[in-house]
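Here's the structure we're looking at; comments come further down.
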Amino acid sequence: MKKVFLVADNITSPLGTTTAQNFEHLINDVTGVRQHDDKAMSDELFFASLFEKGYFQTDECWTKFEHLLIASLTEILYGVDKNISDKKTVLIISTTKGNISLLETEEPGPELDARIALHNSAKKIAQHFGFVNEPIVVSHACISGLVAMITGMRLIQSSQYDHVVVAGADVISKFVLSGFQSFQAVSPGLCKPFDADRDGINLGEGAATVILSAERPDGEVIELASGAVSNDANHISGPSRTGEELFYAINKAMDASSLKSEDIDFISAHGTATVYNDEMEAKAVTLAGLQDVPLNSLKGFYGHTLGASGLIEAIISAQSLRQNTIIPTKGFSKQGDANPVNVCSQLISKPLGNCLKIASGFGGCNAAIILTKSQQDIS
Amino acid sequence: MNNQYYISAHCSISNNLVSYNNEVVFEGAEQDIAGFLLSVYQHLGIKYPKFYKMDNLAKLGWLATEVLLKDFDKTKYQPTDIGVVLTNAGSSLDADKRYYDSVQDIASPALFVYTLPNIVIGEICIRHHFKGENAFYIFERFNADFISSYVSVLLEPGQLQACICGWVEMTATGYKAVLFLIEKEGATPFTTENINKIYSTANG
């Protein structure tokens, strides 16, 4: 099977506009989540990780969502030695709700529908950067980012493309916030992933990009070794009671990269801090025999960035592998009783080789990927 | 991709017609979209109360899958061996607008959950107990090239045994579903040309 390498990455979030800036803030325990009082979004005060007002704004040319993607893509493509206009390069965009905030501010009609349409955003952005192939948009709830990476990996493995640029973004507005509030799923304070007293999510804005390539860069590299997706076939808005289906995806990804449980050095969980999500993930991790492996959730730093979350968390995990440093789970302090997993609450510095990244979402979907660090290929 | 896969069935729902393998199996009377979808449901004679809770996109994909799988013996496969890969142009915009209209009054979680295009996949998986690979992609128009090449990758040895794939689009004024059941044996080869031909000739 052809190998797939992460050759460049970017995170554009309230914590910074490069991966390095973002990682530095996580090391220093700085979060983007804070309390907001914005009546346009919610009658009540709420906690979220949002860009400063006016930082990315819809204008005549681009929507806020498109500005976010462009910012992330510009930073990553600047100075990268990849021929974007190559026929063997494709752009994949990951988002959960894209331009939906325009419903709140713009006049309804066919023009607005066209502006919201994700294939139009993708096409405009692809043209802006000079991609020649039709872009692919993934919209698969909260696992969109991982589905986009897995799709890119398979397109390279099957030799359809040599390079895949995967970019994801989501914007938080009244539409999304009111929806999660209607589910009683939003925490009244900072979220507490995997904590015994966890009480819901914080939402967050962000964008992230990775370039996947069949060409191995020099020196130490991060490989997207494998990935798998599964469905609970149980409930559209509640996770599996057993975690068996996420476990299936984890097992499939580990098998495909020939790794055993003892080979996994840390797990980057979805960890939304809702009661049911975290419990289901803990069950799946336990079924995989990984309950003693250090596990983190980054939602206490970024909130839930929806279609960007899988990418942001995979990129931080890749940076953890490079720096041999596991980021702690901000917001976690008290271990729950059922299915205890090894939630990382302090910075851990140790040699790291393999990371499991998992995510789950509405519609009963689950995804797992394996990131592996390897030295110069001596063969 | 040296392996050959086959279209073992296909189903189209558009223009008030439901077709299975090119044969019209139901023709609705002229009425609104919700009324037409309900008439298809009643024609099929299935009792599935969850149907009534679904948004129009989920109903359309769910009904098309019911027809598509009428001769399918899923017991041949494990639940994780069967996948669903769907595409459209408008994502869940029809449900998005209905949800946002509710927000002015009181935000409805029952409407919010359908503001994700992959929920139609979730509904299909719940109904048929499919647990394999699933993904929802957005394209400007039916992308036969992507579907045939990507689904073929998913069917490679050690991966899926069967995959439901195709197009399912719902707007305020129109709808179109063209779904394919792809397996490892059959008569019609799963090629870009063949699915394009079926898509473009679906119900006129």
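The values are calculated or read from the model by the stated rules, or taken from the named source; none is laboratory data. Keep in mind the model is a prediction, meaning the values are calculated, not measured. Please note: Cβ atoms are built from the backbone with ideal geometry, for glycine as well, and neighbour counts cover all protein chains shown.
Summary of values
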item	result
Tally, over segment A:91-111, of residues that are among the aliphatic types (A, V, I, L, M), over 18 Å from A:Phe180 (Cα atoms) and at the interface with chain B (Cβ under 10 Å from one of its Cβ atoms)	2
Any hit, segment A:248-258, residues being under 21 Å from A:Phe332 (Cβ atoms) and assigned to a loop (DSSP other than H, G, I, E, B)	no
Residue satisfying all of: in segment B:22-60; under 25 Å from B:Phe112 (Cα atoms) and of a type in the set (Phe, Trp, Tyr); surrounded by the fewest Cβ atoms within 10 Å (Cβ to Cβ) among these	B:Tyr52
Test for B:Ser19: is it more than 14 Å from chain A (Cβ to nearest Cβ) and either buried (at least 20 other Cβ atoms within 10 Å of the Cβ) or in contact with an Asp or Glu (Cβ under 6 Å, 6 or more places away or on another chain) (or both)	yes
Check on A:Ala141, more than 10 Å from chain B (Cβ to nearest Cβ) and under 15 Å from the mean Cα position of the chain (by Cα)	no
Subset of segment A:45-73 (residues that are of a type outside the set (A, V, I, L, M, F, W, C) and in contact (Cβ under 8 Å) with a residue 12 or more places away in the chain)	A:Ser49, A:Glu52, A:Thr58, A:Thr63, A:Lys64, A:Glu66, A:Ser72
Qualifying residue in segment B:38-47 (condition: within 14 Å of chain A (Cβ to nearest Cβ), within 24 Å of A:Ile236 (Cα to Cα) and of a type in the set (A, V, I, L, M))	no
Hits in segment B:96-134 (condition: farther than 16 Å from B:Leu57 by Cβ and among the hydrophobic types (A, V, I, L, M, F, W, C))	B:Val103, B:Ile106, B:Ala107, B:Phe130
Check on A:Ala273, closer than 19 Å to A:Asp29 by Cα and in a loop (DSSP other than H, G, I, E, B)	yes
Hits in segment A:304-340 - residues which are more than 11 Å from the chain's Cα centre (by Cα), buried (at least 24 other Cβ atoms within 10 Å of the Cβ) and part of a loop (DSSP other than H, G, I, E, B)	A:Ile327, A:Thr329, A:Gly331, A:Phe332
Of all residues in segment B:153-171 being in a loop (DSSP other than H, G, I, E, B) and in contact with an Asp or Glu (Cβ under 8 Å, 6 or more places away or on another chain), the one that is surrounded by the most Cβ atoms within 10 Å (Cβ to Cβ)	B:Leu160
Some residue of segment A:225-244 being surrounded by fewer than 23 Cβ atoms within 10 Å (Cβ to Cβ), within 14 Å of chain B (Cβ to nearest Cβ), touching a strand residue (DSSP E or B) at 6+ places or on another chain (Cβ under 8 Å) and not basic (Lys, Arg)	no
Only listed residue being more than 17 Å from the chain's Cα centre (by Cα) and modelled with pLDDT of 95 or more, chosen from B:Gly61, B:Gly83, B:Gly35	B:Gly35
Enumeration of residues in segment B:141-173 that are among the small types (Gly, Ala, Ser) and at pLDDT 95 or above	B:Ala144, B:Ser148, B:Ser149, B:Ser152, B:Ala162, B:Gly166
B:Lys176 vs. criteria away from chain A (no Cβ under 11 Å), in contact with a strand residue (DSSP E or B) (Cβ under 8 Å, 6 or more places away or on another chain) and among the charged types (D, E, K, R)	yes
A:Val186 being within 12 Å of chain B (Cβ to nearest Cβ), touching a residue at least 60 places away in the same chain (Cβ under 8 Å) and of a type in the set (A, V, I, L, M, F, W, C)	yes
Unmet criterion (only one of (1) crowded, with 24+ Cβ neighbours inside 10 Å; (2) in contact with a Phe, Trp or Tyr (Cβ under 6 Å, 6 or more places away or on another chain); (3) part of a loop (DSSP other than H, G, I, E, B)) for A:Cys355	(3)
Filtered residue count, segment A:18-52, keeping only those that are closer than 13 Å to A:Ile316 by Cα and part of a loop (DSSP other than H, G, I, E, B)	1
Residues satisfying the stated conditions in segment A:1-17, i.e. of a type in the set (S, T, N, Q) and assigned to a strand (DSSP E or B)	A:Asn10, A:Thr12, A:Ser13
Qualifying position, being under 25 Å from A:Pro351 (Cβ atoms) and either in contact with a helix residue (DSSP H, G or I) (Cβ under 9 Å, 6 or more places away or on another chain) or of a type in the set (Lys, Arg) (or both), among A:Gly271, A:Gly307	A:Gly271
Neighbours by Cβ (under 7 Å, 6+ apart or cross-chain): first from segment A:277-300, not assigned by TED's automatic domain parsing to the domain that holds A:Cys191; second charged (D, E, K, R) and outside any loop (DSSP other than H, G, I, E, B)	A:Leu287/A:Glu244; A:Leu298/A:Glu313
Selected residue (only one of B:Ala202, B:Ala177 is modelled with pLDDT of 95 or more and within 17 Å of the chain's Cα centre (by Cα))	B:Ala177
Hits in segment A:112-122 - residues which are at the interface with chain B (Cβ under 7 Å from one of its Cβ atoms) and over 21 Å from A:Thr305 (Cα atoms)	A:Asp113
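Matching residues to (1) more than 25 Å from A:Glu245 (Cα to Cα); (2) among the β-branched types (Val, Ile, Thr):
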position	(1), (2)
B:Ile121	no, yes
B:Lys131	no, no
B:Asn143	yes, no
B:Ile147	no, yes
B:Ile164	no, yes
